[in-house]
Every structure is written in C-alpha cells, then in structure tokens.
Amino acid sequence: MKQYKIITAFFIFSIMLMIFCKRTEAMEETAYGYTEISFSDIRQEFAEKYQQKKEIMKYRDIGTGDWPLVDSVQLIYEKHYQDIPGSLSGPYCTYNAKGNFYAEVADKSQSRIVLVYNGMSENGKCYLFVAQEEHFDTEGSMLNNTSLLEFYAVNLEEVKVYEAHKTTWGGVEAEEYRAATME
C-alpha cells in the first residue's frame, strides 16, 4: 500500500511540473541572426541524427561526445578498410574495459583489425588513431603480439584522413601527416 501511495504521488508531482512549467526556449545562431528553437525541437533533431548514425554503423552506447570519433572512424574505414577481405559491413564502435574508445573494422580467422583512439593532435585539429591487428590462437584467446599497422590523423573540418606511414611508436611520420598534426 505504501508503494502505491509513493508511485501515485510521483505521477501527480510529474503532471504538475509538466502543467506549470513553461516551455524553455533556446537560441540558435543562423546566418540571418537569431531564431528561437525549443529544447524539444533540439532533442528531436538530436534523436534523428542519432538514429541515422545508428542505422549506418554498429553502436554500443556511444556517448554523443564521442560522435566525432565515430565520424573519424567512418572516414578511415571508407578510405582504407571497407574493401579488404574480412572487413565488417561497418565499423563496430565501442569502449574497452578502461573506457577507451576503439572500433573493430575487420575480422579475420585468427586476428582482427581495430582502430584505437590515441587522443588529439598537438594543434587540436586532428583525431589520432592507431590501427592494430590483434592476434588470437585457435581457441580464440588473444595472444600478446599485437601488430601496429598504421597511424592515422583525421581532420573532420577538412574531411581528410592523413596516414603517418609508420608501424612503430617511434620514428618519423610522413610529411603530410606531420604538417596536419603539428607533431
């Protein structure tokens, strides 16, 4: 009986809030000045964009703050991985146990290729990724011999992917990569 009263009180309180609260307005800058857009319209636009992205790519609870990473992975995938044997139909974006973003782009018989987010470039214009090939034994257990395949920098403003053309953590990057990242 006590739970029934609590639930009823919660619903009544919720309804009262909806009735008495005014619709909050947000301002959006346009080329013609400012126009008013309600928060519900912004939420609707957000939901539509999320649904479109969800249809394009496989997601696992990707936060909206990481959408630029998803867009970056998509650009790398389209340029380098969508036509290789074993490539997935689209990148599978997720987080590891430490909460770091990565995307699986290809799945081979005893290995998989993942793009691991490696932070922002020195100039703050590019998202950095490392392509790694993780190897597995015949029973599916991960081996301790991950291969570095490539380093990528993605500038979303220019919609461009830069390759470092290196397969080790040290060493010299390609000139175009260095110019794009200022590293």
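Worth pointing out:
- Only residues that are crowded, with 17+ Cβ neighbours inside 10 Å and touching a residue at least 40 places away in the same chain (Cβ under 8 Å) were counted in the stretch 66-76, giving 5.
- Strands (runs of 3 or more DSSP E) contained entirely in the stretch 77-123, each with at least 2 residues that are open to solvent by 70 Å² or more (accessible area, probe 1.4 Å) and closer than 24 Å to ARG178 by Cα: 111-120
- Here THR168 meets the list (1) loosely packed, with under 11 Cβ neighbours inside 10 Å; (2) under 17 Å from the mean Cα position of the chain (by Cα); (3) at pLDDT 90 or above; (4) of a type in the set (S, T, N, Q) almost entirely, failing just condition (2).
The values are calculated or read from the model by the stated rules, or taken from the named source; none is laboratory data. Values in this document were obtained by computation on a predicted structure and should not be read as measured data. We place every Cβ from the backbone using ideal geometry, glycine too, and count neighbours over all the protein chains shown. Just so you know, the surface numbers come from the protein's heavy atoms only, side chains and all, with ligands and any DNA or RNA stripped out. Shrake-Rupley method; radii C 1.70, N 1.55, O 1.52, S 1.80 Å.
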